[in-house]
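Below: the structure, in structure tokens.
Derivation of every value follows stated rules applied to the coordinates shown; laboratory data play no part. Quick caveat: nothing in here was measured; it's all calculated off a predicted structure. We place every Cβ from the backbone using ideal geometry, glycine too, and count neighbours over all the protein chains shown.
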Amino acid sequence: MDGSFRKIDIDQYDEDVLLESELYEPDERDPSQVVSDAKQKAATVRQSLARGDTAGALTTALEGAPYGPNVDEAKNLTLQTVVSILNSTKATEIPNIVRALSPDAQDTLMKYLYKGMAMPGWGDVSGSVLLGWHEKLTEAAGTGCIVRAMTDRRLV
Amino acid sequence: MAPPELYSLGQNQTAISSHAFNANRTEVAVSLNSKDATIWERRGHEWKQTETLSEHDKLITSIDWAPKSNRIVTCAQDRNAYVWQQSPDSQTGRMIWKPTLVLLRINRAATHVRWSPNEDKFAVASGARAIAICSFDPEGDWWVSRLLKKPIRSTVLSVDWHPNNVLLAAGSADMKARVFSAYIKDVDKRPAPTVWGEKLPFNTICGEYSSHAGGWVHAVGFSPSGDVLAFASHDSSISIVYPGGPAIYTIKLSSLPLLTLTWTTENSIIAAGHDCQPLVFSGSEGGWDLTGTLDDPNANKTGGGAARAGLGNASPVGRLNSAAFNTFRNADTRGISSGPGSPGPSAESELFTVHQNTITSVRLYEGIPGNVARVSTSGVDGKLVVWDVAQVSPIGVTGIVGRLAGTHLK
């Protein structure tokens, strides 16, 4: 039997179709602006890490995280930045760092943890490091933080 | 200090889809996850099933009992609603509940129904991206429905009426909570201006709100005065909207999402959901906070006291240390699995809350809007619980930790 009809995009015939972009408020920044912001943040983070200020570096990296369409470059760059911080932190310091983050930053960090876990082997992503952070972050921010990372359509 | 009254209506933990008490709380209408609604009568400390209202073809999703006119409305997945009215049987003279079919004109399941404060209208939320506003037409001797459609983009999950009988709040799966005008010319007098607007023809949108992380809006509720709106969404948050402000206070929870809420005074809300306990929020125009729970974690529950204390203190992440979690951990680390041959739910699988599963409905039980003394909750565990709203226990450091609300000016 011909199954090609199953591949027809029926949503195009629906005037009331709910589009992905209508589910969240778009980022007001221009895509090129987002990329340059991400590059600038990466530089700031390197300086903070050199000073040994991991908490400060993480806060900077998680601020204004790129989301939405057309900003893949900035998304990858930010993920790389976050992962580099996560990898260079001693396990004993993690609880204090995650507690010091603002609730919004905690939610964003959780999104990056899940994004990292979804891309094993990408860059320096290490499953055991991410799981260590995930445990400590859940202890500090609760299951609500996980629910928000899963619910939020502003994908990082 | 009376403990919460606990009644198990569902046999073998059959879920309670919805419950509604009559005006003097001697009877309760519940739907036990089926196409029938049942009416139970209070006999001392027990409830006895007296009648069955069967007319729907599919699962009943919501029930509401109008206190003054003593009418019940039910809605179901069969896309219909029935209004039930008591009248004497022509042969025996006994009072029986007579159904009247309401033509809703929706092509998807009905999800939620509520009588308006004057009991001359009711609103039915549905999966058809619409809300049916039904009013009685005495000439045709039937209930007619008018649909609120724009700009709803997905299933409507809950509705709540403003005390002025005209405005309606709706929470929807398109991540928005909205305030509509459900003004019907033949029924309503011209409403006085409110903080939500002055001119209010049918289907006027008076407000549209969402929380930051989005998520389906599971529950909405107007404050007793009608000047404030609260909504709970699936990002584990509850938001309180002051339209005059215009400020939205969003409280992010560290626990699982809330599914239902009710205002007890102008400054406090009780909300419950997947975390199995009713939480108390209080605040005012200056800000809102999670203040505690009605489920005292230190109270000794029958049979579960020890397990409760152990579970409650072992982990800082309340529910993570639940039976399901332990089952998987034991299977993982020790190779212990509880197969089908093992005994049923043991004391260890008991949650350290009164409700043993998600709470799907919290409703006013005793008192008047603005001064509620007790609320009732029902849920997936088949239990109906009546709580004294004054008995708020603080949430300990080992329990769920409510994080402060971030004030957000829009």
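Can you sort B:Lys150, A:Lys75 so the residue with the fewest Cβ neighbours within 10 Å comes first?
The order, fewest Cβ neighbours first, is B:Lys150, A:Lys75.
With 18 Å as the limit, write out which pairs from A:Lys111/B:Lys176; A:Lys111/A:Lys136; B:Lys149/B:Lys176; A:Lys111/B:Lys252 have Cα-Cα distances beyond it, or answer none.
In this structure, A:Lys111/B:Lys176 exceed 18 Å between Cα atoms.
Taking 7 Å along the Cα-to-C-beta vector as the label spot, tell me the B:Glu41-B:Lys199 distance in nanometres, rounded to one decimal.
5.4 nm
Of all the C-alpha pairs in region A:38-105, what % are more than 20 Å from each other?
25 percent
With label points built 7 Å along Cα→Cβ from the Cα atoms of B:Ser54 and B:Lys98, find their separation and express it in nm.
Here the modelled spin labels are 2.2 nm apart.
Exposed loop GluC sites (Glu not before Pro) only (DSSP loop, at most 10 other Cβ atoms within 10 Å): please give the longest stretch of chain A free of them, not including the sites.
Of all site-free stretches, the longest is A:29-156.
Please list 3J(HN,Hα) in residue order for region B:27-38, calculated via the Karplus relation 6.51 cos²θ - 1.76 cosθ + 1.60 where θ = phi - 60°; whole Hz, with x for glycine and proline.
Once rounded to whole Hz, the list reads 9, 9, 9, 10, 10, 9, 6, 8, 8, 10, 9, 10.
In 10 Å bins starting at zero, report the fraction of Cα pairs in region B:5-409 per bin as a rounded %.
5, 22, 32, 25, 12, 4, 1, 0
Please report, largest first and rounded to whole Å, the three semi-axes of the ellipsoid equivalent to region B:155-229, where each semi-axis is the square root of five times an eigenvalue of the C-alpha gyration tensor.
Working: eigenvalues 100, 29, 22 Å².
Taking √(5λ) for each Cα gyration eigenvalue gives 22, 12, 10 Å.
What is the local net charge at A:Ala149, summed over the other residues whose Cβ is closer than 11 Å to its Cβ (Lys, Arg +1; Asp, Glu -1)?
After counting each charged neighbour, the total is +1.
Taking H placed 1.01 Å from N in the peptide plane, check which residues at least 5 places from B:Asp36 or on another chain put their amide H under 5 Å from its amide H.
Excluding prolines and chain starts, which carry no amide H, the hits are B:Ile60.
Once you keep just the Cα pairs under 8 angstrom separated by 6 or more residues, what percentage relative contact order results for region B:20-132? Each step should come with its number before you reach the end.
On the way: 268 pairs, mean separation 20.3, N = 113.
After rounding, I find 18 percent.
Check cross-link reach from B:Lys98 to the lysines: straight Cα distance under 24 Å, and skip same-chain residues fewer than eight apart.
Leaving aside lysines fewer than 8 places away in the same chain, those within reach of B:Lys98 are B:Lys35, B:Lys48, B:Lys58, B:Lys68, B:Lys121.
Rg(Cα) of region B:60-137 divided by 2.2 N^0.38 Å?
Numbers: Rg = 13.0 Å, N = 78, 2.2 N^0.38 = 11.5 Å.
So the Cα radius of gyration is 1.13 times the expected 2.2 N^0.38 Å.
Tell me the angle of helix B:305-314 to the major Cα principal axis of chain B, expressed in degrees between 0 and 90 and rounded to the nearest ten.
Helix B:305-314 and the main axis of chain B meet at about 80 degrees.
How many nm separate the modelled label positions at A:Arg99 and B:Asp141, each set 7 Å beyond the Cα in the direction of the Cβ?
Spacing of the two 7 Å Cα→Cβ label points: 7.2 nm.
Work out the mean other chain Cβ neighbour count within 10 Å for the residues of A:107-113 and drop it here as an integer.
Values: counts 5, 0, 0, 0, 1, 0, 0.
Shielding by partners across A:107-113 averages 1.
When you take every Cα atom in region A:1-71, what is the radius of gyration, and what is Dmax, the widest Cα pair distance, in Å?
When restricted to Cα atoms, region A:1-71 yields Rg and Dmax of 20.3, 66 Å.
When the expected Rg is taken as 2.2 N^0.38 Å, what fraction or multiple of it is the alpha-carbon Rg of region B:219-281?
Relative to the rule-of-thumb radius for its length, region B:219-281 sits at 1.04.
If amide H atoms are built 1.01 Å from N in the plane of the peptide, which residues on other chains or at least 5 residues away come under 5 Å of the amide H of B:Glu51?
B:Ile39
Distance from the Cα centre of region B:111-169 to that of region B:198-260, in angstrom?
Here the two parts' Cα centres lie 18 Å apart.
What does the structure give for B:168-175 when I average, per residue, the other chain Cβ atoms found within 10 Å of the residue Cβ?
Values: counts 0, 0, 0, 0, 0, 1, 3, 6.
Partner Cβ neighbours, averaged per residue: 1.
Taking the Cα atoms of the protein assembly as shown, report the difference between the largest and smallest coordinate on each principal axis, in whole Å and largest first.
So the extents along the principal axes, rounded to whole Å, are 88, 64, 55.
Once you have the Cα-Cα distance between B:Glu208 and B:Lys189, take 0.36 nm times their residue separation minus that, and quote the gain in nm to one decimal.
Computed gain between B:Glu208 and B:Lys189 is 4.3 nm.
Considering every residue in A:134-143, what mean count of other chain Cβ atoms within 10 Å of its Cβ is obtained?
Other-chain Cβ atoms within 10 Å of each residue's Cβ, averaged: 5.
What translational D, rounded to a whole number of µm²/s, comes out for region B:1-128 from Stokes-Einstein when the hydrodynamic radius is the Kirkwood one over Cα pairs, at 10 °C and 1.306 mPa s?
Values: Rh = 15.3 Å.
Taking Rh from Cα pairs, D becomes 104 µm²/s.
Considering only DSSP states other than H, G, I, E and B, which chymotrypsin sites (Phe, Trp or Tyr not before Pro) in region A:18-122 qualify as loop sites with at most 14 other Cβ atoms within 10 Å?
For chymotrypsin sites (Phe, Trp or Tyr not before Pro) across region A:18-122 that sit outside H, G, I, E and B with at most 14 neighbouring Cβ atoms in 10 Å, the list reads A:Trp122.
Cβ neighbours within 10 Å, averaged per peptide: list A:47-53, B:381-387 in order, most packed at the top.
Final packing ranking: B:381-387, A:47-53.
Checking the cross-link filter: which aspartates and glutamates have an alpha carbon closer than 13 Å to that of A:Lys90, excluding same-chain neighbours under 8 positions apart?
List returned: A:Asp53.
Can you sort B:Asp89, B:Asp289, B:Asp296 so the residue with the fewest Cβ neighbours within 10 Å comes first?
Starting with the residue having the fewest Cβ neighbours, the order is B:Asp89, B:Asp289, B:Asp296.
Taking only Cα atoms of chain A, what ratio of Rg to Rh do you get with Rh as the Kirkwood inverse-distance radius?
Looking at chain A, the ratio lands at 1.06.
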